Amino acid sequence: MLTEESENILKDCGNIKKFDEEHEAKVVTKDLDEVLETIGFGWWQFQMLLIVCFGTISDAMEVTVLSFLTPCVKEEWALKPSEASSVTGMVFAGQC
């Protein structure tokens, strides 16, 4: 049993479907430059750019620091080569 409001919604949906069948949809294509020009580049986009840049920089720094510290840690902790590579591998496994 449908309420009156539900019946009106169903009728409206039928009218929309008929409208879609009667009129062809026009596909508007824009290239990326046009879309960016329309949207603009505001404060929110600038914040997102900073966040993404800092994330990329920190990821690259992690690998760089790891390459310099691995020989020191290997010597300090008296690690075998396989153990040192396991420590390095765990850092990359954590990124998954």
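The values are calculated or read from the model by the stated rules, or taken from the named source; none is laboratory data. Everything numeric in this text was worked out from a predicted model, so none of it was measured. Quick reminder, even Gly has a Cβ in these numbers, built from the backbone with ideal geometry, and neighbours come from all protein chains shown.
Let's see how each residue does on (1) loosely packed, with under 10 Cβ neighbours inside 10 Å; (2) among the acidic types (D, E); (3) at pLDDT 90 or above:
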{"site": "E5", "(1), (2), (3)": "yes, yes, no"}
{"site": "V27", "(1), (2), (3)": "yes, no, no"}
{"site": "E34", "(1), (2), (3)": "no, yes, no"}
{"site": "T38", "(1), (2), (3)": "yes, no, no"}
{"site": "L49", "(1), (2), (3)": "no, no, yes"}
{"site": "T56", "(1), (2), (3)": "no, no, yes"}
{"site": "D59", "(1), (2), (3)": "no, yes, no"}
{"site": "C72", "(1), (2), (3)": "yes, no, yes"}
Review point. Can you tell me which residue in region 78-91 is modelled with the highest pLDDT, limited to those that are hydrophobic (A, V, I, L, M, F, W, C) and surrounded by 11 or more Cβ atoms within 10 Å (Cβ to Cβ)?
Key: L79
Check your understanding: With region 23-96 as the region, which helices (runs of 4 or more DSSP H) entirely inside it contain at least 3 residues that are of a type in the set (F, W, Y)?
Key -> 43-76
Point to revise | Neighbours by Cβ (under 9 Å, 6+ apart or cross-chain): first from region 31-55, without any contact (Cβ under 8 Å) to a residue 40 or more places away in the chain; second assigned to a loop (DSSP other than H, G, I, E, B) | key: T38/K30; L49/F41
**Study point:** Neighbours by Cβ (under 6 Å, 6+ apart or cross-chain): first from region 65-77, free of Cβ contacts under 8 Å to residues at least 40 places away in the same chain and under 12 Å from V87 (Cβ atoms); second surrounded by 10 or more Cβ atoms within 10 Å (Cβ to Cβ) and among the hydroxyl-bearing types (S, T, Y)
**Key:** T70/T88
Check your understanding: Which one is farthest from the chain's Cα centre (by Cα) among residues in region 59-83 that are of a type in the set (D, E) and under 18 Å from G94 (Cα atoms)?
Key -> E83
